[in-house]
Each structure stands twice: as structure tokens, then as C-alpha cells.
1. As an exercise: evaluate Ala237 against (1) open to solvent by 60 Å² or more (accessible area, probe 1.4 Å); (2) in contact with a strand residue (DSSP E or B) (Cβ under 9 Å, 6 or more places away or on another chain); (3) modelled with pLDDT of 95 or more and give the number of the one condition it does not meet.
2. Tell me whether the range 258-272 contains one or more residues that are buried (at least 18 other Cβ atoms within 10 Å of the Cβ), of a type outside the set (Phe, Trp, Tyr) and in a helix (DSSP H, G or I).
3. Tell me, which residue of the range 126-151 that is in a helix (DSSP H, G or I) and in contact (Cβ under 8 Å) with a residue 40 or more places away in the chain is farthest from the chain's Cα centre (by Cα)?
4. I'd like the full set of residues that are touching a residue at least 40 places away in the same chain (Cβ under 8 Å), of a type outside the set (Ser, Thr, Tyr) and either assigned to a helix (DSSP H, G or I) or open to solvent by 60 Å² or more (accessible area, probe 1.4 Å) (or both), limited to the range 153-165.
5. Output the number of the condition that Asn220 fails; it satisfies all remaining conditions of (1) at pLDDT 95 or above; (2) more than 21 Å from Tyr94 (Cα to Cα); (3) of a type in the set (S, T, N, Q).
6. Restricting to the range 86-114, name every residue that is of a type in the set (S, T, N, Q) and touching a residue at least 24 places away in the same chain (Cβ under 8 Å).
7. Step by step: first the residues of the range 104-125, then only those that are within 16 Å of the chain's Cα centre (by Cα) and over 10 Å from Leu246 (Cβ atoms), then the one that is surrounded by the most Cβ atoms within 10 Å (Cβ to Cβ). Which residue is that?
8. Within the range 176-187, can you find the residues that are under 22 Å from the mean Cα position of the chain (by Cα) and open to solvent by 40 Å² or more (accessible area, probe 1.4 Å)?
Amino acid sequence: AGVDVNVHPAKTEVRLRDARSVHQFVFHAVQQALGRPPAAVPVQAAHAAAPRQAGLSVEQPIASYLEFAARAAADASAAQTDRAHSGDGPPLGYALAQLHGLYVLAQNASGLVLVDMHAAHERIVYERLKRSLDDAAPATQSLLVPVLIDANEIETATATEHAATLAALGFDVSAAGPNRLAVRSLPALLARAPVAELMHALLDELARLGAHHAFDAARNELAATLACHAAVHAHHAMTLPEMNALLREMESCERADQCNHGRPTWVQLTLPELDRLFLRGR
């Protein structure tokens, strides 16, 4: 009685009559199983575990970056010590802070590193997507519940016309009505990205390219569009471990010094340059 089985003609989807109660039951059951009731969560831990904008997808355990955060704090209080000049540490250094939700400030052996976090993450996601699409069957993530998005007539027609291209990218999309699309799977790399935003941008790009474009020829353009909308957005708060994770990803990413549009992702201000700004030694 609690399930409506008549929402789909093929019975591949059902609707819960009291979805909120089921959600609360599952939520509390998982919470109890993890042994982390809300009252027992320290304030700092709760902040670190707060919902993030989908798309950052830090693959490494966050605990592995607590050391980076501690070292960053130590570096911040000892910027003029021998260690700052010793060449020790990774190329992009350790994060110190986030500026206006736009830039990551980090200290390396040479001085200060300024990172445009959206541009840097966009390049990382783009390179990952290209590598994934090189595989014959890129990894996909099926959604437990299809995401329904509003779509105009052009978007609905584009989704139907480019079904093969969408499938090659890792998307399972089909019409769910005259002005609605159902997304049932997407590339695993974008599993935490904003689905509706991704689909609108991707369908706009496919409509612009037209049916005559072969997938292989348009693949990089489509990957760039997805990366731009999946990358962490401006004014998104990041923790120190997340900032350090981003720096480490940049160091291992090809062409990480430029975003997909050719803009720089980071700049270096050396200690001598900073000294000149403040007329030190004069």
C-alpha cells in the first residue's frame, strides 16, 4: 500500500507514497550504524564533513591531508625561516587559506602560490574525462533514483538525436514526458556533479555542434563543457585538507598550469618579489 507501481508503463520505476518517512528511516539507520549521532560530532569534524559542492571528488582519504594542513599552519608562522628557502616540500607547497572563495593561498619553498581553484579543478576534471573516454567503455554511475530535469523541445529532441553520443560519454538519458528528461546514469567521474546543470550545458553544446559532428571529433569539446560545469564553483568554501588535495592533484595533472580556456591556473610570487613590494632591505 505504500508503493505506487503505476508510475511507469514497464514497471521499471515505482513511487513511494511517503518518501520522506523512508528517507528519515534510512538516514537514522545509517547514522546509528556508523555510531556518529549528531550530538557526538565535534564542531570541527562536522565542518569537515559538511556537504560540499559536487565535483571536487577528492579520491584520497581526507585523513591523509590532515598532515598537510598541520604543516601549512606551521609554515604560516615561520615564513622567514630557513625551511622556506630550503627547497623542501612539494612544488605548489601547502595551503594556508582561501581568499574570497576564489583563490587558494599556499606557501612553497620559493614564496607564495596563488591558485584559481575553479580553473585548476576544471583542468583536472578535463584531463580525467579524456583519459576515461580513451577506454572502450568508460566507467558509469547508475543513479538509484533517476534525476528528472525540465527540458524544452530543442533539448528533448537533441537528447533523442544524440542518444549514441550521450551513451558514449556515459549518460543514460531518455524522455520522461513532453518537457522532461530522466537521467539514469552518468560518468562515474561526475557522479557528484550537479546533474541538471551538466545536462543543460551538454545538450546546448550538442545542439550547437549538430548531428554531422562525429563523436571522436567532438569528444574533447564535449569533455571541456562537462569539466567546466563539474568543476568546483567560485565562492565554494574549502577546508585546508581539500585545498591541499587540489594542490597535489594539480602537481600530477598534465598541463595543470592552464585551464581549458587558456587562462593560468596559478601564479608564483617569490620571496624576493614580495620583499620588493614592501621595500624590504632598502
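1. (3)
2. No: zero hits.
3. Restricting to residues being in a helix (DSSP H, G or I) and in contact (Cβ under 8 Å) with a residue 40 or more places away in the chain, the top hit is Leu133.
4. Listed by number, the residues that qualify are Ile154, Glu155, Ala159, Glu161, Ala164.
5. Looking at each condition in turn, Asn220 falls short on (1).
6. Gln98, Gln107, Asn108, Ser110 - these are the residues of the range 86-114 that are of a type in the set (S, T, N, Q) and touching a residue at least 24 places away in the same chain (Cβ under 8 Å).
7. Val125
8. Arg184
The values are calculated or read from the model by the stated rules, or taken from the named source; none is laboratory data. Computed from a predicted model, the values in this text were never measured in an experiment. Positions of Cβ are generated from backbone atoms using ideal geometry, with glycine treated the same way; all protein chains shown enter the neighbour counts. These accessible areas exclude ligands, DNA and RNA; they are computed on the full protein's heavy atoms, side chains included. Shrake-Rupley method; radii C 1.70, N 1.55, O 1.52, S 1.80 Å.
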